[in-house]
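The values are calculated or read from the model by the stated rules, or taken from the named source; none is laboratory data. Just so you know, these numbers come straight off a predicted model, no measurement behind them. Glycine gets a Cβ as well: all are built from the backbone with ideal geometry, and neighbour counts include every protein chain shown. These area figures cover heavy atoms from the full protein model, side chains too; ligands, DNA and RNA do not enter into them. Shrake-Rupley method; radii C 1.70, N 1.55, O 1.52, S 1.80 Å.
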Amino acid sequence: MDLLSWMLLHSPKFEDKTGYFPDMNIETTFFALTEGLKMVRKRIGEETFERLASVTVQMKSYFEADPDDKIGEAIKGRDSIQEMEALLQASAKRTAR
């Protein structure tokens, strides 16, 4: 969830403007997201994991298509982030029961 929030704020290029993480970019960000999902795969369940993995691929293509945030694809990418957050929240509620 923390990474998704960071992604929402730093999209569509996912660059760190503070200088602390000069190598941060779309590739490293999506690598971190994919690996993070793998880490929680058992907790969220296979169905949720597959859906999140699918959304991740689509989301990356939106951001790659609109790196300057001018044609509307980046907005679709941000909508995908919110969809992922909702899926994770629903999964957490199911797990808590």
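With all protein chains in place and ligands, DNA and RNA left out, the 1.4 Å accessible area ranks 24, 59, 1 as 1, 24, 59, largest first.
Taking all protein chains together, 43, 94 sort by accessible area into 43, 94, largest first [probe 1.4 Å]. When 47, 85 are compared by accessible surface with a 1.4 Å probe, the order from highest to lowest is 47, 85. Heavy-atom accessible area for residue 28, with the other protein chains in place and a 1.4 Å probe, reaches approximately 60 Å². When only DSSP loop residues count, what chymotrypsin sites (Phe, Trp or Tyr not before Pro) in the stretch 18-97 have their Cβ near at most 10 other Cβ atoms within 10 Å? Passing sites in the stretch 18-97 are 20. When the Gaussian network model of the chain links Cα atoms closer than 10 Å, the mean-square fluctuations of 34, 18, 56 top out at 18.
Helices assigned as whole DSSP H runs in the chain whose Cα atoms extend at least 18 Å along their own long axis and whose mean Kyte-Doolittle hydropathy is -1.0 or higher are found at 26-39, 46-65, 73-96. Take the chain with all the other protein chains still there, run a 1.4 Å probe, and you get 66 Å² of accessible area per residue. Residue 30 sits among other residues whose Cβ lies under 11 Å from its own Cβ, and their net charge, with Lys and Arg +1 and Asp and Glu -1, is -2.
Panel values: the chain, Kirkwood radius from alpha carbon pairs, Stokes-Einstein at 10 °C and 1.306 mPa s, translational diffusion coefficient 115 µm²/s. When nucleic acids and ligands are ignored and a 1.4 Å probe is applied, residue 79 ends up with an accessible area of around 80 Å².
Dipole of the chain computed with +1 at Lys/Arg Cβ and -1 at Asp/Glu Cβ about the Cα centre; of 6, 36, 88, farthest Cα towards the positive end is 88.
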